[in-house]
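Visitor: My questions will all concern the structure given below.
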Amino acid sequence: MDDVRLGSGSLAGTGVYAARDFAAGEVVLDFELRAIDESEYLALPPGDDLFVHSYGGRRYLYPEPARFVNHADDPTCVQDFETSRNVALRPIAAGEPITIDARQETARELDTFLDAYRAALVEPSPDGLGGLVDRDAVLWRSGTAHRGRAAVVAALLAGDPLLPAGPEWEVGTGRWEALCSAGAGGRHLTLLLKIIEGNWQLRYLHLD
């Protein structure tokens, strides 16, 4: 943490600032995400839930100081998700805020969730799919409503799978809710996703 320092910001009142000059393309922050399960999420200290992100249907806790990197529409860094690094987009002077475009983080969460959803249908896995479906989920298909996790999972695994093709995401309320509109077998599929207990889950599906 010698290269950056904490200061005021919008994440729990905290932000990250450069403690020295950085060149464009230089690694500003390295971090290691910690995978946590539902029980670990529920046991987090108050406020730490803000620093949990969901990738591929699994929860990950961001460590300090990376968790305090604020959003900016014109960020100083880009988050490299493959290497868990924040990389300078341009020269950064000492004292400048370290920022990222958090919308890219949300986009990755949603894309990886959809990948996990597809995988659980391509190689049918009731347990794997069940972890992606809310306990109160609803699926409308051929005029029939399937209500609750067990019923929705059974319906998804029966017959032709509802595999989204060419999805278009419309984020609703920040990172807490999102709508995916996609084609599926020549028909229109709508999926409503919501973060529940720190993890993205399918809340509502409708096949027209």
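Visitor: Run residue 69 past the list (1) at pLDDT below 95; (2) more than 30 Å from residue 153 (Cα to Cα); (3) of a type in the set (Val, Ile, Thr) and report the number of the one that doesn't hold.
Guide: Checking residue 69 against (1) at pLDDT below 95; (2) more than 30 Å from residue 153 (Cα to Cα); (3) of a type in the set (Val, Ile, Thr), the one that fails is (1).
Visitor: Give, as residue ranges, the helices (runs of 4 or more DSSP H) completely inside segment 77-182 that count at least 1 residues that are hydrophobic (A, V, I, L, M, F, W, C), on the phi < 0 side of the Ramachandran plot and touching a His at 6+ places or on another chain (Cβ under 9 Å).
Guide: Answer list for segment 77-182: 102-122, 149-157.
Visitor: Here's another thing I want to ask about it. In contact with a Phe, Trp or Tyr (Cβ under 7 Å, 6 or more places away or on another chain), touching a residue at least 12 places away in the same chain (Cβ under 8 Å) and crowded, with 16+ Cβ neighbours inside 10 Å, is that true of residue 109?
Guide: Yes, satisfied.
Visitor: Count, please, the residues in segment 186-196 that happen to be part of a loop (DSSP other than H, G, I, E, B) and surrounded by 13 or more Cβ atoms within 10 Å (Cβ to Cβ).
Guide: The qualifying residues number 0.
Visitor: May I ask you to list the residues in segment 177-196 that are modelled with pLDDT under 85 and under 20 Å from residue 52 (Cβ atoms)?
Guide: Matches in segment 177-196: none.
Visitor: If you don't mind, there's one more thing I want to ask. Can you work out which of the residues in segment 197-208 that are of a type outside the set (D, E, K, R) and either over 16 Å from residue 109 (Cα atoms) or surrounded by fewer than 17 Cβ atoms within 10 Å (Cβ to Cβ) (or both) is modelled with the lowest pLDDT?
Guide: 207
Visitor: Please find, within segment 10-30, the residue that is farthest from residue 87 (Cα to Cα) out of those that are in contact with a helix residue (DSSP H, G or I) (Cβ under 7 Å, 6 or more places away or on another chain) and modelled with pLDDT of 95 or more. Steps first, please.
Guide: From segment 10-30, those in contact with a helix residue (DSSP H, G or I) (Cβ under 7 Å, 6 or more places away or on another chain) are 11-12, 14-16, 29; that's our starting set.
Still in the list and also modelled with pLDDT of 95 or more: 14-16, 29.
Working: 14: 20, 15: 16, 16: 14, 29: 7 Å.
Once the filter is applied, the top-ranked residue is 14.
Visitor: Given the conditions (1) under 22 Å from residue 111 (Cβ atoms); (2) more than 18 Å from the chain's Cα centre (by Cα), and given that residue 148 satisfies all but one, which numbered condition is not satisfied?
Guide: (1)
The values are calculated or read from the model by the stated rules, or taken from the named source; none is laboratory data. Note that the coordinates shown come from a computational prediction; the quantities given were computed from them, not determined experimentally. Using ideal geometry, Cβ is built from the backbone for each residue, glycine included, and neighbour counts are taken over all protein chains shown.
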